[in-house]
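Asks: Below: one structure in structure tokens.
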Amino acid sequence: MSLNYPQLYALGIRNTFLSYSVFMMTIIEGVFAAVIIYFIPHCAMQHAVQPNGHELVDHKTFGVVVESVLTIAVTLRVSNPSLHVRGLTHE
């Protein structure tokens with residue numbers, strides 16, 4: 001198979017997907033996404049208080065919101081084929 005389609009293996013030979021710079025960009029992107037996914041709900045729910053003075057948000061509610069946002073973000077990231085095909089089409 002590899003002798004019939006050598007262009008399929010060119011990216012692996014050149015370390016296009018396994019280089020240090022690709023690894024560092026992935027780490028930076030992950031940390032940035034984690035910070036955004038945590039702090040946007042945190043800032044939005046920080047001062048949530050009912051009219052009688054009781055807090056509207058507890059740790060469990062905050063956790064559910066962050067988990068929901070994370071699930072949506074990961075689903076959008078995985079479902080966007082242009083993010084995965086970008087490296088294959090632009091050599």
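Just so you know, all these numbers are worked out from the coordinates, no wet-lab data involved. If you're wondering where the values come from, they're calculated on a predicted model, not measured in any experiment. A quick note on method: Cβ atoms are made from the backbone with ideal geometry, for glycine too, and the neighbour counts reach across all protein chains shown.
Asks: Tell me, MET25, MET45 in order of fewest to most beta-carbon neighbours within 10 Å?
Replies: Values: MET25 11, MET45 15.
If I rank by nearby Cβ atoms, fewest first, I get MET25, MET45.
Asks: Here is a further query. Counting other C-beta atoms within 10 Å, which of THR71, THR61 has the fewest, and how do the rest follow? Before the final figure, lay out each step's value.
Replies: On the way: THR71 10, THR61 14.
Lowest count first: THR71, THR61.
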